[in-house]
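I have placed the structure first, in the form of structure tokens, so that the comments after it can refer back to it.
Bear in mind that the values in this text are calculations on the coordinates, not laboratory data. Because the structure is a prediction, the values reported are computed rather than measured. Cβ: placed from backbone, ideal geometry, glycine included. Neighbour counts: every protein chain shown.
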Amino acid sequence: MRKCSFIRLLVVLTGLVAAFATPASAVVEININKGNVEPLPIAITDFISGDDLGAQISAVVAADLHRSGLFAPISRSAFIEKISNPDQAPRFEDWKVINAQALVTGRVSKEGDGRLRAEFRLWDTFGGSQMTGQQFYTQPENWRRVAHIIADAIYEKITGEKGYFDTRVVFVSESGPKNDRKRQLAIMDQDGYNVRMLTNSKDIVLTPRFSPSRQEITYMSFEGQQPRVYLLQLETGQREVVGNFPGMTFAPRFSPDGQRVIMSLQQEGNANIYTMDLRSRTTTRLTSTPAIDTSPSYSPDGNQIVFESDRGGRQQLYIMNADGSGQRRISFGDGSYSTPVWSPRGDLIAFTKQSGGKFSIGVMKTDGSGERILTTGFHNEGPTWAPNGRVLMFFRQNAGAGGPQLYSIDLTGYNEQLVKTPTYASDPAWSPLLE
Amino acid sequence: MSRIDSVASSRMQNIARNPVVLALAMTLALAGCASKKNLPNSAGELGLGGSATPGSTQDFTVNVGDRIFFDTDSTSIRADAAQTLDRQAQWLQRYSNYPITIEGHADERGTREYNLALGARRAAATKEYLASRGIPASRMKTISYGKERPVAVCDDISCWSQNRRAVTVLGGAGM
């Protein structure tokens with residue numbers, strides 16, 4: 001690995017030599033572009049270990065795969081064969097009988113140096129072969145992360161798409177009554193575990209977003225009654241103001257190469273989009289209208305920027321080149337469009353749409369065609385993409401008492417799931433994958 | 001849009017002219033602790049106002065009115081808001097020692113980032129109006145809280161209309 005990740009985890013990944021060399025079969029696969037797919041029945045056995053850890057890791061793997069909506073883990077009580085040696089081929093007939101199309105076996109053990117060794121094998125039961133086998137070494141406290149990495153490997157092998165389970169989410173943790181809401185930046189694993197607060201609740205903090213390296217966050221804070229964009233180093237907790245602008249700066253995001261922050265600068269009644277180069281500290285103005293131009297988001301190749309503007313009356317989505325040239329409107333539907341975010345695959349733009357008193361999350365192609373609404377209701381806002389571009393997270397505020405909560409939904413509009421958080425939560429931003 | 005706004009605001013100024021005179025008279029009357037019956041915009045406020053020291057923050061909040069309200073997605077100064085701002089300008093000229101922070105706010109029926117800009121626009125429109133009534137721009141700061149600091153918390157129009165506001169705060173930004 002190039003840089004160490006911010007949780008100082010060292011994962012050593014090696015291919016496990018298959019116990020017997022059968023080529024991977026193509027029998028087990030999921031086509032995830034079909035929309036509402038029938039989840040694949042999969043048996044995930046407790047990993048062999050001297051303690052509870054093996055079962056705990058299996059449970060996290062099963063939960064990840066289940067939440068994706070693409071897998072249906074089979075209840076342990078249906079299992080016939082009890083796996084005692086994961087290095088040996090299972091009795092495939094025993095698994096075919098309970099309709100397990102895929103089978104996961106594994107082992108967790110302690111190394112002499114205190115590290116944890118976790119290994120797993122994925123079996124194609126109907127093909128009677130091993131699909132993959134891998135092993136990982138890590139510190140014992142990182143066992144959940146190892147489970148997510150194993151779930152990613154299984155997801156990738158069966159769907160042909162990169163997984164997204166070994167990722168994190170930054171968000172705004174909200175507590176207290178609506179007219180005296182306390183806000184803190186927080187970070188957690190994508191499944192809602194390992195929540196950690198990154199700021200205290202003294203100042204209003206909003207819109208955190210990851211750097212491509214996952215080591216930094218850019219966000220907005222009202223510290224000192226001066227609303228401005230900041231950078232936060234996750235490892236050290238070090239903070240700094242981005243630029244020295246003569247007004248409120250807000251709506252920050254990183255460029256895909258991590259070298260620039262793009263954001264809005266408010267001057268009197270007018271918001272325009274600027275970038276700041278983090279090395280040279282030079283700033284560049286990209287829009288120049290008497291309108292509100294905000295929520296900029298780069299295309300994954302860094303060549304284009306999607307943003308929202310009310311220059312035509314209501315908020316609509318626009319695309320421009322990275323130097324600010326070629327500004328053109330792409331959204332033309334009823335209502336108003338805001339918070340555009342470019343998909344990591346480059347093919348779609350997710351947005352918030354307000355129409356008829358409802359707030360929806362939707363996606364459209366980059367030329368504005370093919371609009372699809374994924375979810376609609378009293379208030380849904382602020383989509384963010386999983387790094388594989390298959391799943392979106394957003395926040396929802398229902399009418400009545402209470403506060404916002406996070407939800408995830410498949411790109412197809414199926415499999416909407418609440419992401420449980422200890423407090424109310426808004427402004428989720430999904431981390432990239434490391435690699 | 002800007003043409004319609006300017007027509008509307010010149011009409012507001014005409015409407016506002018009379019109440020300004022009355023409001024001024026009221027302020028002076030209160031300062032002298034005189035009788036206060038039958039003046040417009042004061043009936044509900046005088047109970048408290050009677051105890052506010054003239055020139056105090058409480059006097060400003062209660063007797064003048066520290067906030068104005070906006071229509072949905074709008075940053076135009078309404079006729080009722082212009083009356084309030086005219087009273088504010090009179091008071092602020094009389095008590096010229098206070099620095100001023102104008103807070104702009106939006107209701108919850110918008111997205112977070114847009115509402116930060118919308119609140120800033122409302123604060124800027126308010127500042128511009130007060131400047132046109134003789135308050136030096138150098139005395140006024142603005143800040144936007146977007147939709148993050150509602151005062152009314154129900155889920156319907158009656159609350160949203162109270163949250164779309166600009167608040168003139170004496171001294172500095174607070175609540």
Q | Amide N proximity, segment A:405-430 versus A:Phe378 label position 7 Å along Cα-to-Cβ, cut-off under 12 Å | A | A:405
Q. What does the charge count near B:Leu92 come to, summing +1 for each Lys or Arg and -1 for each Asp or Glu among other residues with Cβ under 13 Å from its Cβ?
A. +2
Q. By count of other Cβ within 10 Å, fewest leading, how are B:His105, A:His379 ordered?
A. A:His379, B:His105
Q.
Order these by the 10 Å Cβ neighbour count, fewest first: B:Ser74, A:Ser58, A:Ser325.
A. A:Ser325, B:Ser74, A:Ser58
Q | D_trans [Stokes-Einstein, Kirkwood Rh over alpha-carbon pairs] for segment A:136-193, 25 °C, 0.890 mPa s, µm² s⁻¹ | A | 181 µm²/s
Q | Added length on full extension, which subtracts the Cα-Cα distance from 0.36 nm per residue, A:Glu223 to A:Asn398 | A | 60.1 nm
Q) Cα-Cα over 32 Å: which of A:Lys420/B:Lys147; A:Lys157/A:Lys353; A:Lys420/B:Lys141; A:Lys420/B:Lys127? A) A:Lys157/A:Lys353; A:Lys420/B:Lys141; A:Lys420/B:Lys127
Q | Whole-Hz couplings from phi, Karplus 6.51/-1.76/1.60, listed for segment A:65-82; x for Gly and Pro | A | 5, 5, 4, 5, x, 9, 10, 10, x, 8, 4, 4, 5, 7, 5, 9, 6, 9
Q. How much mean residue ellipticity at 222 nm does chain A get from its helices, if each DSSP H run of length 4 or more adds -39500 (n - 2.57) and you divide by all residues, to the nearest 500 deg cm²/dmol?
A. -3000 deg cm²/dmol
Q: With r as the distance between the Cβ atoms of A:Arg117 and A:Asp87 and R0 = 22 Å, compute the FRET efficiency 1/(1 + (r/R0)^6) and round to 0.05.
A: 0.95
(Q) Which of A:Leu278, A:Leu122, A:Leu265 ends up with the largest GNM mean-square fluctuation for chain A, with Cα atoms connected below 10 Å? (A) A:Leu278
**Q.** Estimated Rh, segment A:50-151: Kirkwood, alpha-carbon pairs, angstrom
**A.** 14.3 Å
Q: Could you check the simple spin-label distance between B:Gln58 and A:Glu371, using points 7 Å along Cα→Cβ, in nm with one decimal?
A: 5.4 nm
Q) Over the alpha carbons of segment A:230-292, what is the largest minus smallest coordinate on each principal axis, giving the biggest first in Å? A) 40, 20, 17
(Q) Give the residue list of GluC sites (Glu not before Pro) in segment A:148-229 that are DSSP loop and have at most 10 other beta-carbon atoms within 10 angstrom. (A) none
(Q) Compute a Gaussian network model of chain A, connecting alpha carbons closer than 10 Å, and tell me which residue from A:Gln215, A:Gln267, A:Gln316 fluctuates the most. (A) A:Gln267
Q. What is the extension gain from A:Lys110 to A:Asn303, computed as 0.36 nm multiplied by their sequence separation minus the C-alpha to C-alpha distance, in nm to one decimal?
A. 64.7 nm
Q.
No solvent, one uniform scatterer per C-alpha: report log10 I(q)/I(0) for segment A:280-324 via the Debye equation at q = 0.21, 0.23 1/Å, two decimals.
A. -0.71, -0.82
Q) If r is the Cβ-Cβ distance from B:Ser158 to B:Asn97 and R0 is 41 Å, what FRET efficiency results, to the nearest 0.05? A) 0.65
Q.
On C-alpha positions alone, give me the angle between the axis of helix A:143-159 and the longest principal axis of chain A, in degrees, nearest 10.
A. 90 degrees
Q: Using only Cα atoms, figure out Rg for chain A and give it as a multiple of 2.2 N^0.38 Å.
A: 1.05
Q.
For A:Thr282, A:Thr125, A:Thr423, which order do you get if you count the other beta carbons within 10 Å of each Cβ and list the fewest first?
A. A:Thr282, A:Thr423, A:Thr125
Q: Compute the distance in nm between two label points, each set 7 Å from the Cα along the Cα-to-Cβ direction, one at A:Ala78 and one at A:Lys420.
A: 2.3 nm
**Q.** Choice from A:Gly258, A:Gly133, A:Gly176 showing the highest fluctuation, given a GNM over chain A with Cα pairs closer than 10 Å
**A.** A:Gly176
